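Written below as structure tokens is the structure these notes are about.
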Amino acid sequence: MADHDAVAGQVRAGGLEITGRIPGRLHAWARAADGTWLGLVEFELRTGNGRSRLPVTQWCPAHALIMRGGCGPPD
């Protein structure tokens with residue numbers, strides 16, 4: 001039981017920080033079946049305690065992306 005509590009404490013202290021803006025790199029655009037645009041984005045999540053990072057590549061809805069230079073998905 002004590003080992004489980006120690007692990008749980010580590011997970012809480014070092015949980016992934018998923019709020020706010022996270023810089024990333026857009027690799028591609030794809031149109032979803034419902035007609036909306038998705039961007040394939042590579043970014044890095046950090047833990048709340050700043051000790052670790054997790055590289056992520058995932059499809060994100062266009063409305064969740066803020067593009068430099070004002071460019072967006074294709075027309």
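Things to note:
- Restricting attention to the range 44-75, the residues that are touching a Pro at 6+ places or on another chain (Cβ under 6 Å) and either in a strand (DSSP E or B) or exposed (fewer than 13 other Cβ atoms within 10 Å of the Cβ) (or both) add up to 1.
- Within the range 16-43, the only residue that satisfies the criterion of being surrounded by 10 or more Cβ atoms within 10 Å (Cβ to Cβ) and among the polar types (S, T, N, Q) is Thr36.
- So Ala6, is it more than 11 Å from Trp59 (Cα to Cα) and either loosely packed, with under 10 Cβ neighbours inside 10 Å or at pLDDT below 70 (or both): yes
- So Ala33, is it outside any loop (DSSP other than H, G, I, E, B), at negative phi and modelled with pLDDT of 95 or more: no
The values are calculated or read from the model by the stated rules, or taken from the named source; none is laboratory data. As the structure is a prediction and not an experimental result, all values here were calculated from the model. Note that each Cβ is placed from the backbone with ideal geometry, even for glycine, and that neighbours are counted across all protein chains shown.
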